[in-house]
Amino acid sequence: MDERILLELIQEKKYVQIKKELSEMNEVDVAELLDPLDVHSTLLIFRMLPKDLAVEVFAHFSTEQQLGIINSITDKELEYIVDELFFDDMIDLIEEMPANIVKKILKSSKEEERKLINQFLKYPVDSAGSIMTIEYVDLRKEATVKEALNHIKEIGLNKETVYTCYVTDKKRTLEGFVSLRTLVTSDEDKIIEDIMEDEVIKVYTHDDQESVANVFRKYGFLALPVVDNENRLTGIITVDDIMDVMEQEATEDFQIMAAMSPSEDAYLNTGVMTLAKNRLPWLLVLMVSATFTGRIMGKFEDVLASVVVLSTFIPMLMDTGGNSGSQSSTLIIRGLATGEITTHDWWKVLWKELRISFIVGTVLAGINFIRIIFLEKVDATVALTVSITIVVTVMASKIVGGILPLIAKKLKADPAIMAGPLITTIVDALALMVYFGIAKTLLGI
């Protein structure tokens, strides 16, 4: 069913057919279908859905649609949604809602849940603790496989995942884990301690969510346990939650690399003034820093006045240098994000970029020399000046583009800051200084 057909069915008031078709669809697809509708139409259909499906659909709605529904439903309906939502989804909901709605949600939750919510909200933003869920299966190491399977049957429907079960002691200290596959293929009388894995890959509540994402990428887990400083199991992070984090981190990096302040809000839902405010600071910084380029050109006015043709090649040299630096910085920033490259690899990066830039710079310079001589009909000395500048500029820009993100990472700053716009500004000034220096030497100005 698409949105057009759904709207036709609503207009024709064929609610039985709507309910039948939506009930057979995946909750993500239902949420995607209903999200663009006005709150009145969404609420009408939302109330028709089976209760379990309605809660799952609600969890996948946009913040705006969730807000509209909460404002329109009764306290009893809200209480049911809050009770049935997975805990991490409820935390996400609370973090996005205004204070008056948060108060309404907390009023609909149980006292024990309210304490947990307050605990979760105290974790730093973007930490492992802020994205974990408490809906996991824990087992005692003294239990038998039969007891463990019965325990999973009793509570499994209310847990985010049952594929990995965590073994804890009475103080909730994490001692190991056992997969569902191991449980169902083991003898019923075996003790959990005998079949569990005691080498556990885990993260801590205050670990940054980006480092958690790197652990998921490295090991390919479906879930990862989160412990406190005393190794007590606090929650788990599931792969669907970390996929959201990866998307968020990638979006943030793209925004920073494009010289914008990062924002989690969707483009179409963000006001013009907010977008302008996000873009203006970096543009202002880059504009001011570009004055160095103007000053360099002013300092070498005598060179430009003596050989006017030199000015025609300045845009090409600056563009080539900026693009070369951006290529290197993009690869290094991505490598740092995925964990493929660390700050300890700076020498490897330097040596590799040095060789790459020499090859690239030499090829570009050779082609450019021929182009200037035969197409531009310019003196060979000028052609040589431009070509040598290309080699030096490409080598310098690729080294700068490769090393600056590593320096940023070492200083605990976001490497994405050292992306295209900033690299280009640095390399532009460098290219002009090299260009005019070589021109003065070769042309005897």
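With an 8 Å Cα cut-off and a minimum separation of 6 or more residues, compute the relative contact order for the chain in percent.
Relative CO of the chain lands at 11 percent.
May I ask you to evaluate 6.51 cos²θ - 1.76 cosθ + 1.60, the Karplus curve with θ = phi - 60°, for each residue of region 341-358 and list the ³J(HN,Hα) values in order in whole Hz, giving x for glycine and proline?
Residue by residue, region 341-358 yields 10, 10, 5, 6, 8, 4, 5, 4, 5, 4, 5, 5, 5, 4, 5, 4, 5, 5 Hz.
Suppose all protein chains stay in the model; what accessible area per residue would a 1.4 Å probe give for the chain, in Å²?
55 Å²
With θ set to phi - 60°, apply the Karplus curve 6.51 cos²θ - 1.76 cosθ + 1.60 along region 316-324 and write out the HN-Hα couplings as whole Hz, x wherever there is a Gly or Pro.
5, 5, 5, 5, 4, x, x, 5, 5
Measure off 7 Å from each Cα along the Cα-to-Cβ vector at L116 and K171, then give the distance between these two points in nanometres to one decimal.
Label at L116, label at K171, 2.3 nm between them.
In nm, to one decimal, how far is the modelled label at Y204 from the one at R217, with both set 7 Å along Cα→Cβ?
Using points 7 Å along Cα→Cβ, the separation is 2.2 nm.
Which percent of the accessible heavy-atom area of the chain goes to carbon and sulfur, probe 1.4 angstrom?
So the carbon and sulfur contribution to the accessible surface is 58 percent.
Classify region 333-445 as rounded, prolate or oblate, taking a ≥ b ≥ c as the square roots of the eigenvalues of its Cα gyration tensor: rounded when a/c is under 1.5, otherwise prolate if a/b is larger than b/c and oblate if not.
Note, shape of region 333-445 comes out prolate.
5 Å is the cut-off here: which amide hydrogens, built 1.01 Å from N in the peptide plane, fall below it relative to G235, excluding neighbours closer than 5 in sequence?
Correct list: V226.
Report, in deg cm²/dmol and to the nearest 500, the calculated mean residue ellipticity at 222 nm for the chain, where each DSSP H run with n ≥ 4 adds -39500 (n - 2.57) and the sum is divided by the residue count.
About -20500 deg cm²/dmol.
What's the FRET efficiency of L411 with Q11 using the Cβ-Cβ distance as r and R₀ = 45 Å, to the nearest 0.05?
FRET efficiency, L411 to Q11: 0.15.
Under 5 Å between amide hydrogens, which residues at least 5 positions from M132 or on another chain qualify, with H placed 1.01 Å from N in the peptide plane?
Placed amide hydrogens put nothing under 5 Å from M132.
For region 63-130 and region 193-210, what is the separation of their C-alpha centers, rounded to whole Å?
Taking the Cα centre of each part, region 63-130 and region 193-210 sit 27 Å apart.
Taking 0.36 nm per residue of separation and subtracting the Cα-Cα distance, what length does fully extending R279 through E340 add?
Gain on stretching R279 to E340: 18.9 nm.
In whole angstrom, note down how far apart the Cα centers of region 1-62 and region 367-433 are.
55 Å
Under 5 Å between amide hydrogens, which residues at least 5 positions from I341 or on another chain qualify, with H placed 1.01 Å from N in the peptide plane?
Those lying under 5 Å, H to H, from I341 are L336.
Applying the Karplus parametrisation 6.51 cos²θ - 1.76 cosθ + 1.60 with θ = phi - 60° to the phi angles of region 55-71, what ³J(HN,Hα) value in whole Hz is obtained for each residue in order, glycine and proline being reported as x?
Here the 3J(HN,Hα) series is 5, 5, 5, 4, 5, 9, 5, 5, 4, 4, 5, 4, 4, x, 5, 4, 6 Hz.
The values are calculated or read from the model by the stated rules, or taken from the named source; none is laboratory data. Not measured: the values here are computed from a predicted model. Using ideal geometry, Cβ is built from the backbone for each residue, glycine included, and neighbour counts are taken over all protein chains shown. Just the protein is used for accessible areas: all its heavy atoms, side chains included, with ligands, DNA and RNA removed. Shrake-Rupley method; radii C 1.70, N 1.55, O 1.52, S 1.80 Å.
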